[in-house]
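Undergrad: Quick one: the structure is below, and I'll ask about it shortly.
All of the numbers you see were taken from the coordinates with simple rules; none came from a lab. The model shown is predicted, which means the values in this text are computed figures rather than measured ones.
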Amino acid sequence: MVDRRLLSYDPYTGIKRTFEYDHSDDTFSIITEQDWDDIGEANQQARNDAPTRWGDMAKVASIPLTVYYDLIKKGILNDQAALKKWLNDPANQIFRTRGGTV
């Protein structure tokens, strides 16, 4: 049996934290989730509206906080080459606000 309790919900960021306790093995977890639907839609619209030319300081992505913290934990955010590779990966296109290659 698993008990779940909502710890917090931030309507501004859409981040929800849930406490889960598993009676079968006497363990617990704190799960952090974030709904990316609005971010994905806004990023798609930004990609559609973006000019074809890149300028200085062009915004290339909008990354949800939960993904941002995961990138920090994996060491990707502080490694420029790894971050470029991650941003150029088609699996992460939902986070891109411009086309092309970083």
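Undergrad: Provide the gained length on full extension for the span ARG17 to GLU33, in nm with one decimal, where the gain is 0.36 nm per separating residue minus the Cα-Cα distance.
TA: Full-extension gain reported as 5.1 nm.
Undergrad: Note the full-extension length gain between ALA42 and TYR9 as 0.36 nm times their separation in residues minus their Cα-Cα distance, in nm to one decimal.
TA: 9.7 nm
Undergrad: If you average 1/r across every pair of different Cα atoms in the chain and take the reciprocal, what Kirkwood value do you get, in Å?
TA: This gives a value of 15.8 Å.
Undergrad: What angle, in degrees between 0 and 90 and rounded to the nearest 10, separates the Cα long axis of helix 37-49 from the longest principal axis of the Cα atoms of the chain?
TA: 0
Undergrad: Still on this structure: Pull up the cross-link candidates among the lysines for LYS84, meaning alpha carbon to alpha carbon under 27 Å and not fewer than 8 places away within one chain.
TA: Leaving aside lysines fewer than 8 places away in the same chain, those within reach of LYS84 are LYS59, LYS73, LYS74.
Undergrad: Another one. Return a whole-number percent for the relative contact order of the chain, with Cα pairs under 8 Å and 6 or more residues apart as the contact set.
TA: On the way: 126 pairs, mean separation 23.7, N = 102.
For the chain, the relative contact order is 23 percent.
Undergrad: Same structure, new question: To the nearest 500 deg cm²/dmol, what mean residue ellipticity at 222 nm is calculated for the chain from DSSP H runs of n ≥ 4 alone, each contributing -39,500 (n - 2.57), summed and divided by the residues?
TA: Values: 3 runs with 32 residues, N = 102.
The helix contribution divided over the chain gives -9500 deg cm²/dmol.
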